């Protein structure tokens with residue numbers, strides 16, 4: 001019982017980080033796969049609508065493992081949120097909560113997303129569309145242009161001491177800093 | 001007879017490299033690693049839009065601790081694999097890809113960073129958010145696929 005109670009609490013960084021780090025050797029040893037998730041978007045393009053584009057002509061069939069991995073992530077997330085749910089409200093820095101309340105974000109019943117914005121009910125709201133559609137376009141375009149995301153560059157690339165991955169990670173952080181401090185406040189006040 | 005078997009083997013081997021069919025073993029291996037990953041993403045609140053806002057405002061150490069300790073464990077693992085020449089479970093030599101530096105590392109990296117903060121998720125957590133029941137995030141996934149496609153389309157026209 002105590003086990004379940006403590007497992008349902010949010011896991012600290014020193015538990016989560018090392019497990020994520022172990023994904024690198026796990027994928028290498030189990031299947032000689034380099035950890036990376038954003039390439040899955042490319043494989044979808046290559047398999048479904050290559051449209052004669054050079055960038056989508058490659059043996060995507062060899063990369064189908066990443067889709068299995070992603071289905072696993074979705075199932076894992078479902079298990080954790082359905083059966084290991086933290087009964088308490090997410091603990092956040094009060095400064096952030098204070099700032100978000102200025103934009104009307106006050107509902108923390110969903111720990112993962114500001115549910116007042118991220119809901120199908122506001123599918124025609126400009127805020128939701130910017131946060132999902134524009135955000136998604138930037139994630140898709142940016143990760144391919146940079147040749148990797150947080151997993152491929154920041155975890156896998158840094159683990160392999162690949163210096164371009166350090167440059168990529170620095171610019172991921174810079175982009176995020178600019179967006180969180182200057183762009184998002186503007187979007188949320190729309 | 002033995003020639004037939006040999007031909008069959010060659011054919012099987014080439015099928016494997018050409019189509020690389022997904023085997024039951026693959027489903028189990030990558031599926032389980034994915035499930036563990038998904039659980040950790042949710043339980044450590046890595047998929048939380050709020051945690052990402054905290055990180056980029058330097059209001060919490062949580063995400064830095066996660067990324068930092070993950071990288072340290074990853075580095076030690078890669079070092080061990082290289083030093084002891086550890087093979088895969090199928091006995092293959094482990095191959096680690098080196099990503100090259102281009103202008104895209106900078107520009108693309110910056111653009112992705114903006115997207116990461118706005119969506120509150122990098123590609124792995126995007127899928128995990130859907131797993132928690134936030135189906136509206138399908139919009140983010142479709143857009144990310146569209147963004148990738150757009151990159152493929154204009155790839156030769158942008159600096160690298």
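Of all residues in the range A:1-24, those satisfying the criterion of being at the interface with another protein chain (Cβ under 7 Å from one of its Cβ atoms), in a helix (DSSP H, G or I) and in contact (Cβ under 8 Å) with a residue 60 or more places away in the chain are A:20, A:21, A:23, A:24. Do we find a residue being in contact with a helix residue (DSSP H, G or I) (Cβ under 7 Å, 6 or more places away or on another chain), within 12 Å of residue B:34 (Cα to Cα), more than 7 Å from chain B (Cβ to nearest Cβ) and in a helix (DSSP H, G or I) anywhere in the range A:50-61? So far as the range A:50-61 goes, no, none of its residues is in contact with a helix residue (DSSP H, G or I) (Cβ under 7 Å, 6 or more places away or on another chain), within 12 Å of residue B:34 (Cα to Cα), more than 7 Å from chain B (Cβ to nearest Cβ) and in a helix (DSSP H, G or I). Taking the conditions (1) outside any loop (DSSP other than H, G, I, E, B); (2) more than 7 Å from chain B (Cβ to nearest Cβ) in turn, residue A:74 satisfies each one other than (2). Here residue B:122 passes the criteria (1) at pLDDT 95 or above; (2) touching a helix residue (DSSP H, G or I) at 6+ places or on another chain (Cβ under 7 Å) except the one numbered (1). When each of A:108, A:103, A:112 is tested for being farther than 23 Å from residue B:133 by Cα, surrounded by 14 or more Cβ atoms within 10 Å (Cβ to Cβ) and either within 9 Å of another protein chain (Cβ to nearest Cβ) or more than 21 Å from the chain's Cα centre (by Cα) (or both), the lone residue that passes is A:103.
Report those helices (runs of 4 or more DSSP H) wholly inside the range B:45-159 carrying at least 1 residues which are touching a residue at least 40 places away in the same chain (Cβ under 8 Å) and more than 7 Å from chain A (Cβ to nearest Cβ). Steps first, answer last, please.
Numbers: elements: B:49-56, B:62-83, B:103-119, B:123-131, B:138-154.
Here the list reads B:49-56, B:103-119, B:123-131.
All of B:117, B:144 fail the test of being surrounded by 24 or more Cβ atoms within 10 Å (Cβ to Cβ) and more than 19 Å from residue A:45 (Cβ to Cβ), apart from B:117. Evaluating residue A:85 against the criteria (1) at the interface with another protein chain (Cβ under 7 Å from one of its Cβ atoms); (2) in contact with a helix residue (DSSP H, G or I) (Cβ under 8 Å, 6 or more places away or on another chain) leaves one unmet condition, (1).
Annotation for the range A:162-179: no member residue is under 13 Å from the mean Cα position of the chain (by Cα), over 27 Å from residue A:100 (Cα atoms) and more than 7 Å from every other protein chain (Cβ to nearest Cβ).
Within the range A:25-38, does at least one residue satisfy the condition of being more than 8 Å from chain B (Cβ to nearest Cβ) and in a helix (DSSP H, G or I)? No; the residues of the range A:25-38 include none that is more than 8 Å from chain B (Cβ to nearest Cβ) and in a helix (DSSP H, G or I).
List the helices (runs of 4 or more DSSP H) inside the range A:99-190, counting only whole elements, that have at least 3 residues being over 22 Å from residue B:128 (Cα atoms).
The helices (runs of 4 or more DSSP H) meeting that bar are A:163-178, A:184-188.
Considering only the range A:77-96, state which residues are assigned to a loop (DSSP other than H, G, I, E, B) and surrounded by fewer than 18 Cβ atoms within 10 Å (Cβ to Cβ). Those that are assigned to a loop (DSSP other than H, G, I, E, B) and surrounded by fewer than 18 Cβ atoms within 10 Å (Cβ to Cβ): A:84, A:85, A:87, A:88, A:89, A:90, A:91, A:93.
The values are calculated or read from the model by the stated rules, or taken from the named source; none is laboratory data. Keep in mind the model is a prediction, meaning the values are calculated, not measured. Please note: Cβ atoms are built from the backbone with ideal geometry, for glycine as well, and neighbour counts cover all protein chains shown.
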